[in-house]
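The values are calculated or read from the model by the stated rules, or taken from the named source; none is laboratory data. Computed from a predicted structure; not experimentally measured. FYI the Cβ positions are ideal-geometry reconstructions off the backbone, even for glycines, and counts take in every protein chain you see.
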Amino acid sequence: MSFKVIKSSFLSTVQDYGRLTHGEHGMSQSGVMDEHAYAWGNHLLNNHFNKAAVEITFGGLQLEAQVDTFIAVTGADLDFRINDQAAQMWHGLQIHKGDVLSWGNPKSGVRAYLAVKGGFDASVLFGSRSINLREHIGAKLTQGDELPCRSFDTATYRFISPKYVPNYNQDITLRLLPTYQFNEFSINQRDLFFNQDYTITNANDRTGCRLSGAPIAIKKERMISEGISYGSVEIATDGLPIILLKDAPSIGGYPKIGTVFSLDLAKLAQRQPNTKLRFELMSMHEAQKERKKFNDFFEISF
């Protein structure tokens, strides 16, 4: 029992929360780019928070159901359809064997998520079902692939009020937690960083997001590579920020001004090139408070 790939897309992969315990071995965190949309998909179906879903980037995917079950599609509006009829997003839906699910061109956002009742039963690799193409862990979906899952005739599911659905067309502010290198940047450099609008460039994928703007003058001294984390904001030799994302390597050699709050990175995952963004400082206390509220609501624990 499964969903069969009828037409592949630019990039569609199976993802869960990620490979969280292998950084010491040099492996990326991996996992879903938009944690908010992914968590809602599983929540709408009463799934465990870490059940595997399909992350669909920029649309183009077609799947045929080989099973009766329930699904939820969240995240970007990629013209989601069932049997070529516009279908609801952010809502539990019943699917029958033979139904064709398709995603077209982006209307809003970048990444959509297909959650299925009980999760997709993909292979577990290094403690996670997440695909990481940069590290050659798994592969993207191609025509003829099958996504195993269980059959469900009845289920309890939820929906989200439209007023709570994110607007992915808005410019964003990313909240930043300062790193131990924060004070190595002069006051003038920090003022320039926090008081300008940056622009998301085309160099934006699951590894990282490069920004354009007024460059910061930094020391040209070479650094010894050191451990880096998801959301680290490196200032490259051209003086411009690179925000490290889910498939970023585990070490790097650029100075880091701070780390973007994890829940704000979900917003970044849905922004297309040329979107404007700004940074502002966030306290550790506020980050922990907001993170706990999110984790408690979605029953996230490791």
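Annotations
- The set of residues in region 156-187 that are surrounded by fewer than 15 Cβ atoms within 10 Å (Cβ to Cβ) and either acidic (Asp, Glu) or over 30 Å from Asp77 (Cβ atoms) (or both) comprises Asp171, Tyr180, Asn183, Glu184, Ser186, Ile187.
- Among the residues of region 1-50, those that are assigned to a helix (DSSP H, G or I), more than 30 Å from Glu226 (Cα to Cα) and not polar (S, T, N, Q) comprise Ala37, Tyr38, Ala39, Trp40, Gly41, His43, Leu44.
- Ala76 vs. criteria modelled with pLDDT of 95 or more, in the same structural domain as Thr142 (by TED's automatic domain parsing) and touching a Lys or Arg at 6+ places or on another chain (Cβ under 7 Å): yes
- Residue match in region 19-34 (condition: hydrophobic (A, V, I, L, M, F, W, C) and free of Cβ contacts under 8 Å to residues at least 60 places away in the same chain): no
- For Asp77, the criteria (1) surrounded by 15 or more Cβ atoms within 10 Å (Cβ to Cβ); (2) among the acidic types (Asp, Glu); (3) more than 18 Å from the chain's Cα centre (by Cα) hold in every case but one, which is (3).
- Test: residue in region 232-241 that is under 21 Å from Lys292 (Cα atoms) and either buried (at least 21 other Cβ atoms within 10 Å of the Cβ) or of a type in the set (D, E, K, R) (or both): yes
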